[in-house]
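Engineer: Just dropping this structure here.
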Amino acid sequence: MNPTILLDMDGVLTDFVGAALQVHGIGRKEFDVVYERYPAVYDFHPLGMTDDEFWEPINKAGSKFWRDIKPTPWYDSMITLVEKSVGRNWYIVTSPSRDRSACCLGKCLWVEQHLGQSFDRMIPTGYKHLLARKDAILIDDRQETVEKFRAAGGRSIIFPTQHNSLYAFKRDPVSYVQKQLQFLLYG
């Protein structure tokens with residue numbers, strides 16, 4: 001069996017939360033203070049925003065928002081980890097936002113900028129569970145996405161962040177993922 005790794009983009013490779021905070025004019029410290037009281041919450045409602053209020057400035061920024069997101073601090077370590085584990089048999093699997101065309105264009109430009117123009121292994125879909133199979137491993141920060149992937153027959157790893165059940169491991173998510181990946185690959 002030659003395993004395939006499906007690697008989420010937002011929250012794992014890109015600092016989506018940081019970019020969203022910036023476009024809303026919210027400081028990281030303010031956000032962290034609020035969210036320390038709400039571990040495992042995956043939305044901006046604790047900051048008093050509706051979904052529409054959250055997405056409005058992101059959609060207004062268009063593809064530039066997605067193209068200019070900074071890599072996460074662990075971006076290089078994650079790329080190294082998956083390449084050491086499965087060579088080139090890994091793909092970025094990312095969910096588009098409400099403004100699908102601007103989001104997909106911006107994410108494609110981000111991938112070209114950070115992984116080169118020849119990188120052709122990005123799959124934009126909000127239906128990651130349809131890619132599940134016995135030899136596929138999804139690494140994603142959204143717990144719901146991981147659970148659907150497992151239910152569809154794939155294997156998966158929750159990437160630790162403040163907004164999922166593994167928030168206790170958020171300071172060193174790569175070590176957590178590495179241990180889980182070794183278990184899935186080698187038992």
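Every number in this text was worked out from the coordinates using simple rules, so none of it is lab data. Because the structure is predicted, anything quoted here is derived from the model rather than measured. Heads up, the Cβs are rebuilt from the backbone with ideal geometry, glycines too, and the neighbour counts pull from every protein chain shown.
Engineer: Step through the residues of the stretch 58-69 one at a time and calculate ³J(HN,Hα) from phi using the Karplus curve (6.51 cos²θ - 1.76 cosθ + 1.60, θ = phi - 60°), rounding each to whole Hz and writing x for Gly and Pro.
Structural biologist: For the stretch 58-69, the Karplus curve yields 5, 5, 5, 6, x, 5, 4, 4, 6, 5, 9, 4 Hz.
Engineer: With θ set to phi - 60°, apply the Karplus curve 6.51 cos²θ - 1.76 cosθ + 1.60 along the stretch 114-129 and write out the HN-Hα couplings as whole Hz, x wherever there is a Gly or Pro.
Structural biologist: Values per residue, Gly and Pro as x: 9, 10, x, 5, 7, 5, 10, 10, 10, 10, x, 6, x, 10, 4, 4 Hz.
Engineer: Can you put LEU13, LEU81 in order of Cβ neighbours within 10 angstrom, beginning with the fewest? All intermediate terms of the calculation are to be shown ahead of the outcome.
Structural biologist: Details: LEU13 25, LEU81 21.
So the residues, fewest neighbours to most, are LEU81, LEU13.
Engineer: With each run of n ≥ 4 DSSP H residues scored as -39500 (n - 2.57), what mean residue ellipticity at 222 nm is computed for the chain after dividing by its residue count and rounding to the nearest 500 deg cm²/dmol?
Structural biologist: Calculated from helices alone, the mean residue ellipticity at 222 nm is -13500 deg cm²/dmol.
Engineer: Quick check on the exposure proxy: order CYS108, CYS103 from fewest to most C-beta atoms within 10 angstrom.
Structural biologist: The fewest-first ordering by Cβ neighbours comes to CYS108, CYS103.
Engineer: Moving to a separate point now. Subtracting the Cα-Cα distance from 0.36 nm times the residue separation, let me have the gained length for ASP51 to ARG98 in nm, one decimal.
Structural biologist: Extra length available between ASP51 and ARG98 comes to 15.9 nm.
Engineer: Which residues' amide hydrogens lie under 5 Å from the amide hydrogen of THR4, considering only partners 5 or more residues apart or on another chain, with H built in the peptide plane?
Structural biologist: ALA136, ILE137
Engineer: Classify the stretch 112-187 as rounded, prolate or oblate, taking a ≥ b ≥ c as the square roots of the eigenvalues of its Cα gyration tensor: rounded when a/c is under 1.5, otherwise prolate if a/b is larger than b/c and oblate if not.
Structural biologist: Judged from the Cα gyration tensor, the stretch 112-187 comes out rounded (a/c under 1.5).
Engineer: Dipole magnitude of the stretch 93-140 about its Cα centre, charges +1 at Lys/Arg Cβ and -1 at Asp/Glu Cβ only, in debye to the nearest 20?
Structural biologist: Magnitude of the dipole: close to 180 debye.
Engineer: Between Rg and the Kirkwood Rh of the stretch 4-186, both from Cα atoms, what is the Rg to Rh ratio?
Structural biologist: My calculation of the ratio gives 0.94.
Engineer: Taking only C-alpha pairs under 8 Å that are 6+ residues apart, what is the relative contact order of the chain in percent?
Structural biologist: Relative contact order, the chain: 27 percent.
Engineer: Moving to a separate point now. Among residues other than ALA132 whose Cβ falls under 13 Å from its Cβ, what is the net charge (Lys/Arg +1, Asp/Glu -1)?
Structural biologist: +3
Engineer: Next question, about the same structure. Per 0.36 nm of contour for each residue apart, how much would the distance between ASP135 and ARG121 grow if the chain were fully extended, relative to their Cα-Cα spacing?
Structural biologist: Length gained, ASP135 through ARG121: 3.3 nm.
Engineer: Now for a different question. Taking +1 at the Cβ of each Lys and Arg and -1 at the Cβ of each Asp and Glu, which of HIS129, GLY25, ALA61 sits farthest along the dipole of the chain towards its positive end, judged by Cα position relative to the Cα centre?
Structural biologist: Positive-end residue among those listed: HIS129.
Engineer: Dipole of the stretch 76-187 (Lys/Arg Cβ +1, Asp/Glu Cβ -1, origin at the Cα centre): which of GLN180, ILE92, CYS108 lies farthest to the positive side?
Structural biologist: Projecting each Cα onto the dipole axis, the largest value belongs to GLN180.
Engineer: Find the centroid of the Cα atoms in the stretch 1-57 and in the stretch 106-176, then give the distance between the two in whole Å.
Structural biologist: With the stretch 1-57 and the stretch 106-176 each reduced to a Cα centre, they are spaced 15 Å.
Engineer: Determine the dipole magnitude for the chain: charges of +1 sit on the beta-carbon of Lys and Arg, -1 on that of Asp and Glu, nothing else is charged, the reference point is the Cα centre, and the result goes in debye to the nearest 20. Write out the running numbers ahead of the final one.
Structural biologist: On the way: 23 positive and 23 negative charges, 112 e Å.
Dipole of the chain, to the nearest 20 debye: 540 debye.
Engineer: In what sequence do SER165, SER156, SER175 fall when counting other Cβ within 10 Å, fewest first?
Structural biologist: Values: SER165 11, SER156 24, SER175 14.
Lowest to highest Cβ neighbour count: SER165, SER175, SER156.
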